[in-house]
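Some notes on the structure that comes next.
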Amino acid sequence: AGAPQARALPAAAAVELVHTYSLIHDDLPCMDDDSLRRGRPTVHVAYGEANAVLAGDALLALAFEVLADAEGGCGAEAVAWCTRALAIAAGSRQLVGGQADDLAFAAGGPPTLSRVEAVHRRKSAALIAASVTCGARLGGATGDSLAELGVFGEEVGVAFQIADDLLDADRNEACSLVSVMGVERARERAEALLASALGRVAKLGERAAGLRMLAELAVRRDQ
């Protein structure tokens, strides 16, 4: 069946496919209307809106094809668990619903900590949590450890988005903890979430060294 790390690779690929699809669609004129992504023209700018929509659709479908192909090394039960978890993370209860809330944010009254974090938990945090739990499940994790890893992913995900907002603090966006709390308190909130997340995987010792490193890098980055 291969090493746990190798068994987790289909989950990593599937989550990244969903992530890329979401970025393509987020950049569309009907969403965030961005012309650049990572310093390069967005897909709809380079190839047209119709092709951008279709590319996103194809990537979303491919994500579940990749997961289905993982069965040979991981077992049908683990693959089914991951398929359901990723579908929830990508759907109306998480990513898509969070994007809808984000688009409607400006018209929904004054921003608060709870409202902003609710959007962050449904968007950034949902996919990060899915990446952690699906990889762990394909690697053999079950039960309480999966639940704890899910919360770890959610906390890192919210802290990651706060760090992202801190880098773009000059944009003064409504759905941002920087707008709600100011720079220093938002940074403190990100660090508190990171500390809580790291505490959840402390008992895993060296097995969680990679997770700890990635969490710290995501939250304490400067670009």
Long-range amide H partners of ARG37, meaning residues 5 or more apart or on another chain whose placed amide H is closer than 5 Å, are THR42
Mean projection of the alpha-carbon convex hull of the chain over all orientations, in nm²? 12.3 nm²
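With a 1.4 Å probe and every protein chain kept in, tell me what percent of the accessible surface of the stretch 146-223 is carbon plus sulfur. Present the calculation step by step, with values, prior to reporting the outcome.
On the way: 2120 of 4170 Å².
That fraction is 51 percent.
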Solvent-accessible area per residue for the stretch 69-151 (1.4 angstrom probe, square angstrom): 45 Å²
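For the chain, what is the calculated [θ] at 222 nm in deg cm²/dmol (nearest 500), taking -39500 (n - 2.57) for each run of four or more DSSP H residues and dividing by its residue count? Before the final figure, lay out each step's value.
Values: 13 runs with 159 residues, N = 223.
Helices in the chain give a 222 nm mean residue ellipticity of -22000 deg cm²/dmol.
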So what J values fall out for the stretch 14-19 if you push phi through Karplus, 6.51 cos²θ - 1.76 cosθ + 1.60 with θ = phi - 60°, rounded to Hz, Gly and Pro as x? 5, 5, 5, 5, 5, 4
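Quick one: what do you get for the stretch 112-163 if you divide its Cα Rg by 2.2 N^0.38 Å? Could you put the intermediate results ahead of the total?
Values: Rg = 11.6 Å, N = 52, 2.2 N^0.38 = 9.9 Å.
Normalised Cα radius of gyration, the stretch 112-163: 1.17.
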Of ALA130, LEU211, PHE105, whose Cα points farthest to the positive end of the dipole of the chain (charges on the beta-carbon: +1 Lys, Arg; -1 Asp, Glu; origin at the Cα centre)? LEU211
Taking the Cα centre of the stretch 1-77 as origin, sum charge times position over the Cβ atoms of Lys and Arg (+1) and Asp and Glu (-1), and report the length of that vector in debye to the nearest 20. 320 debye
Volume per residue, Å³, of the convex hull around the alpha-carbon atoms of the stretch 100-223? 104 Å³
Can you compute 3J(HN,Hα) from phi for each residue in the stretch 186-198, using the Karplus curve 6.51 cos²θ - 1.76 cosθ + 1.60 with θ = phi - 60°, rounded to whole Hz and x for Gly and Pro? 5, 5, 4, 5, 4, 5, 5, 5, 4, 4, 5, 4, 4
At a 4.7 angstrom Cβ threshold, list every cysteine in the chain that has nobody to pair with, or say none. CYS30, CYS74, CYS175
Between the modelled labels at ALA209 and ARG171 (7 Å from Cα along Cα→Cβ) the distance in nm is 3.6 nm
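The values are calculated or read from the model by the stated rules, or taken from the named source; none is laboratory data. These numbers come from a predicted model, not from an experiment. Heads up, the Cβs are rebuilt from the backbone with ideal geometry, glycines too, and the neighbour counts pull from every protein chain shown. We work out accessible area using only protein heavy atoms, side chains counted, and drop any ligands, DNA or RNA first. Shrake-Rupley method; radii C 1.70, N 1.55, O 1.52, S 1.80 Å.
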